[in-house]
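Input: a single structure, listed below in structure tokens.
The values are calculated or read from the model by the stated rules, or taken from the named source; none is laboratory data. These figures come from a predicted structure and were not determined experimentally. All Cβ positions, even for glycine, are placed from backbone atoms using ideal geometry, and neighbour counts span all protein chains on display. Surface accessibility is based on the protein's heavy atoms, side chains included, excluding ligands, DNA and RNA. Shrake-Rupley method; radii C 1.70, N 1.55, O 1.52, S 1.80 Å.
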Amino acid sequence: MSTTESKTTSETVLTSVNPATGETIATHPIADPEAVAAAVATARTAAATWGALSYPERKRYLLRWSSRLVAVSDELCDLIHAENGKPREDAFLELMLVLEHIAWAAKNAEKVLKTRKVSPGATMANFGASIEYRPLGVVGVIGPWNYPIYTPNGSIAYALAAGNTVVYKPSEYSTSIGNFMAKTFAEANPELPAGVFITVNGYGATGAALVTSGVDKVAFTGSPGTGKRIMAAAADSLTPVLLECGGKDAVIVAADADIKAAADAVAYGATMNSGQTCAGVERVYVDRSIRDQFVAEVKKVLSNVHPGSDAKAAYGPMTMPSQIDVVRRHIDSALKNGGTAVMGGLDSIKGPYIEPVVLLDVEETSEAVTDETFGPTVTIRSVDGIDEAVRLANNSKYFLGSAVFSRKHGVEIARRLRAGATSVNSVLGFAAISALPFGGRRESGIGRIHGAPGLLEFADPHSIAVQRFAIPGMALLSYKRTESTMKLLRRIVPLIHGRHK
Ligand code: NAD
């Protein structure tokens, strides 16, 4: 093949590979801006049908999709294992969470988005007032690869339940999985028009084309850098964006914590999915009085935890090869900045697999503490009490998840954390409870997925004010307003608003 031909192929075809073996899994045509525009047009046509359905009708279609996913779960978990690298059991757990979220969104959309009457207030008492929620239209969803079904589904299922159609650009590292999800939706609901939930495939350029394609909202999950580029591109047309970006989640282990339980949860939260979890455990602040016992317990748990692709593997390979360099750089930075590797180190990086790495008392200015590592590593720092732990945990450019281990003061400490979510005496509990919103601020993004706020992200509030009758002499919104009306108002307003002590 000539260089020109190979360049042409790589520009038009995306080849999906198994991260553990490098084997080709599938090829997908790359959508150029014209193909993206065509997909959005198809979704816009479908939105007229989908958006006009009642909530119970949409619920039925969404739940039928769930049942279809259950029916093909073995095939889906095999595909996730092959394309993303994670163990099949982890893939199944991810599917379970997806099903929970589809069910929650389908069953709660009507309750959250139904028309509600509101009080018009004393001076507008002749009006009826209500808020109606309308679908936005077409939502462009751009996803990452680390939780290739769970993460984008936080936008897809909620956008669909709110009456929007979805054009989804899966990550270039999970394209086959993304297409599998859209295919199963169509298989479950053959009577629906094409375009209720469809994909466009490709790299960043395809995502960029989706952002400027005229969609009514962009829901993005990925790195903060890409999130900023998307927001800048969307600014031109004032297209609203929902951004779910990275994290550097802190865990506080208080002096009164159940040390074994905390160590078990930290070991899991730091290394599962090869540490490629936006709300995974990256930093731990443990009370000095229990530090040694805690570290010993973490090491004990992790001594039986190994990556691989076999049935016994606790987690798989790094899905995105370039992330391995980031992990290497962070371990190196930790070791050069006061840290000690009490488990593993630079030689824990073995091809696409990285063994667990535990780093002790790294300086807070090290990249290993300030930036998202996204690998199976964790920093543990001793602190003198909760005030120091809270101060260090909050000293981050991220604002996503967090966890607290304390027998008596868990919720109290949780309330002091600057984060979108906190699990008390567990890690990541908030991400598995559908009714709880998930998301952050600052480098962690804008907006929330999941729960009622996750449905409201995909609906336009439409305020309707109906004048039920005219009050003679009280035409406030008219040039017919009289002097006596103003005299009356000058007496009434102080009575309503001027008596507070
Ligand atoms: P990424 O930013 O590299 O890519 C994400 C998606 O954006 C991909 O589909 C990519 O093709 C697309 N993209 C790239 N450039 C684009 C552009 N200019 N315009 C539009 N789309 C573009 O992120 P990633 O490496 O796939 O994912 C890992 C990151 O995602 C981590 O930072 C992780 O913390 C974060 N993440 C966040 C959450 C959350 O809910 N907060 C969940 C999972 C992952």
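Taking residues in segment 407-420 that are in a helix (DSSP H, G or I), and partners anywhere that are open to solvent by 80 Å² or more (accessible area, probe 1.4 Å), the pairs with Cβ atoms closer than 7 Å and at least 6 places apart or on different chains are G410/N425.
Remark: pairs (first residue in segment 246-258, farther than 19 Å from E412 by Cβ; second residue charged (D, E, K, R) and surrounded by fewer than 24 Cβ atoms within 10 Å (Cβ to Cβ); Cβ separation under 9 Å; 6+ apart in sequence or on different chains) = G246/D371; G246/E443; G247/E443; K248/D371; K248/K397; K248/E443. Screening the candidates G445, G451, G385 for the property of being away from the ligand (no atom under 15 Å from the Cβ) and either more than 20 Å from the chain's Cα centre (by Cα) or closer than 30 Å to I102 by Cβ (or both) yields one hit, G385.
Filtering D347, D371 for residues that are over 18 Å from D287 (Cα atoms) and surrounded by fewer than 18 Cβ atoms within 10 Å (Cβ to Cβ) leaves a single hit, D347.
Here D90 fulfils each of the conditions (1) more than 25 Å from T165 (Cα to Cα); (2) in contact with a Ser or Thr (Cβ under 9 Å, 6 or more places away or on another chain) apart from (2). Against the list (1) assigned to a helix (DSSP H, G or I); (2) of a type in the set (S, T, N, Q); (3) away from the ligand (no atom under 14 Å from the Cβ); (4) modelled with pLDDT of 95 or more, the condition S130 fails is (1). Taken over segment 201-216, the criterion of being open to solvent by 40 Å² or more (accessible area, probe 1.4 Å), within 7 Å of the ligand (Cβ to nearest atom) and not small (G, A, S) is satisfied by Y203 alone.
Within segment 157-195, the only residue that satisfies the criterion of being within 13 Å of the ligand (Cβ to nearest atom), aliphatic (A, V, I, L, M) and not in a strand (DSSP E or B) is I177. The residues of segment 25-62 that are over 20 Å from V139 (Cα atoms), open to solvent by 50 Å² or more (accessible area, probe 1.4 Å) and touching a helix residue (DSSP H, G or I) at 6+ places or on another chain (Cβ under 7 Å), listed by number, are I25, P29.
Name the residue that is nearest to A43 (Cα to Cα), counting only residues in segment 111-121 that are open to solvent by less than 80 Å² (accessible area, probe 1.4 Å) and out of contact with any Leu (no Cβ under 9 Å at 6 or more places or on another chain). Once the filter is applied, the top-ranked residue is T115. Scanning segment 74-109 for residues that are open to solvent by less than 90 Å² (accessible area, probe 1.4 Å), assigned to a helix (DSSP H, G or I) and of a type in the set (D, E, K, R) turns up D78, E83, D90, E94. Please indicate, with yes or no, whether at least one residue in segment 228-248 is of a type in the set (A, V, I, L, M, F, W, C), under 19 Å from the mean Cα position of the chain (by Cα) and under 27 Å from E75 (Cβ atoms). No - not one qualifying residue is present in segment 228-248. In a loop (DSSP other than H, G, I, E, B), in contact (Cβ under 8 Å) with a residue 60 or more places away in the chain, under 22 Å from the mean Cα position of the chain (by Cα) and surrounded by 24 or more Cβ atoms within 10 Å (Cβ to Cβ), is that true of A270? Against the criterion (in a loop (DSSP other than H, G, I, E, B), in contact (Cβ under 8 Å) with a residue 60 or more places away in the chain, under 22 Å from the mean Cα position of the chain (by Cα) and surrounded by 24 or more Cβ atoms within 10 Å (Cβ to Cβ)), A270 does not qualify.
Only one entry in I198, I252, I230 is assigned to a strand (DSSP E or B) and crowded, with 22+ Cβ neighbours inside 10 Å, namely I252. For G247, indicate whether it is within 16 Å of the ligand (Cβ to nearest atom), in a helix (DSSP H, G or I), open to solvent by less than 10 Å² (accessible area, probe 1.4 Å) and modelled with pLDDT of 95 or more. Here the answer is no, as G247 does not meet what is asked. Would you say G420 is open to solvent by less than 10 Å² (accessible area, probe 1.4 Å), under 28 Å from T319 (Cβ atoms) and within 15 Å of the ligand (Cβ to nearest atom)? Here the answer is no, as G420 does not meet what is asked.
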